[in-house]
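The values are calculated or read from the model by the stated rules, or taken from the named source; none is laboratory data. Bear in mind that the values here come from a model prediction, so they are computed numbers and not experimental data. Reconstructed Cβ throughout: ideal geometry from the backbone, glycine too, with neighbour counts over all protein chains shown.
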Amino acid sequence: MSVEATSAGAILFRDTRGRREYLLLKSRPGDWEFPKGGVEGDEELQQTAIREVEEEAGIENFRLIDGFREEYSYVFEAGGKTIHKTVHLFIARSFEASAELSSEHRDMQWRDYEQALNTITQDGPREIFREAHAHLDELVVEPEDGEERRYT
């Protein structure tokens, strides 16, 4: 029997001294991934992504970046069933310097682009991460001081 499942999450980054860093979480099975989880009830995908960042990273001061949503799918076995899961990833900017490890994960690390790319263990999330990084490189932001600059 095959079951469809939907998850959503966010590629979370922070700006540390002019350098962009991404948050990676090490799951219980040992994969390095982004904060993500299953859609609950009537949640919209963005609502799920926001809730999962708050629950899995302990970060509340962040915002989703408009114009980016990508998905990947995979199949796994659980409880005698074949699960076909589709994961939707957004980009979110954290305005907090640190995160808190949830009980769902073994470890967490803030990594620069190259480090994160080499740490992510699954092909689907790695490809979307490349796209997200390129998307951020193209965006121009207006920081609080009013001067335009690119995400770095």
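Under the condition of being within 13 Å of the chain's Cα centre (by Cα) and of a type outside the set (D, E, K, R), the residues counted in the range 28-37 number 4.
Considering every residue within the range 11-27, establish whether at least one is at pLDDT 95 or above, surrounded by fewer than 18 Cβ atoms within 10 Å (Cβ to Cβ), polar (S, T, N, Q) and more than 10 Å from the chain's Cα centre (by Cα). No, the range 11-27 has no match at all. Residues in the range 66-81 that are at pLDDT below 95 and either of a type in the set (Ser, Thr, Tyr) or outside any strand (DSSP E or B) (or both): 5 in all. Output the residue which, of all residues in the range 38-77 that are small (Gly, Ala, Ser) and under 17 Å from the mean Cα position of the chain (by Cα), is surrounded by the most Cβ atoms within 10 Å (Cβ to Cβ). Here the answer is Ala49. Considering the range 1-10, and only residues there that are crowded, with 19+ Cβ neighbours inside 10 Å and touching a His at 6+ places or on another chain (Cβ under 8 Å), the residue that is farthest from Ile120 (Cα to Cα) turns out to be Ala8. Could you check, for the range 10-22, whether at least one of its residues is under 25 Å from Ala134 (Cα atoms), out of contact with any Lys or Arg (no Cβ under 8 Å at 6 or more places or on another chain) and of a type in the set (Lys, Arg)? The answer is yes, given that some residue of the range 10-22 is under 25 Å from Ala134 (Cα atoms), out of contact with any Lys or Arg (no Cβ under 8 Å at 6 or more places or on another chain) and of a type in the set (Lys, Arg). If only residues of the range 82-117 that are part of a strand (DSSP E or B) and among the hydroxyl-bearing types (Ser, Thr, Tyr) are counted, the one that is surrounded by the fewest Cβ atoms within 10 Å (Cβ to Cβ) is Thr82.
Among the residues of the range 1-26, those identified as in contact with a strand residue (DSSP E or B) (Cβ under 6 Å, 6 or more places away or on another chain) and hydroxyl-bearing (Ser, Thr, Tyr) are Ser2, Thr6, Ser7, Tyr22.
Return the residues of the range 78-131 that are of a type in the set (A, V, I, L, M, F, W, C), under 14 Å from the mean Cα position of the chain (by Cα) and over 15 Å from Val53 (Cβ atoms); say none if nothing qualifies. Those that are of a type in the set (A, V, I, L, M, F, W, C), under 14 Å from the mean Cα position of the chain (by Cα) and over 15 Å from Val53 (Cβ atoms): Ala116, Leu117, Ile120, Ile128, Phe129.
Contact map, the range 68-96: first residue on the phi > 0 side of the Ramachandran plot, second residue surrounded by fewer than 16 Cβ atoms within 10 Å (Cβ to Cβ) and outside any strand (DSSP E or B), Cβ cut-off under 9 Å, separation 6 or more or different chains; pairs are Gly80/Met1.
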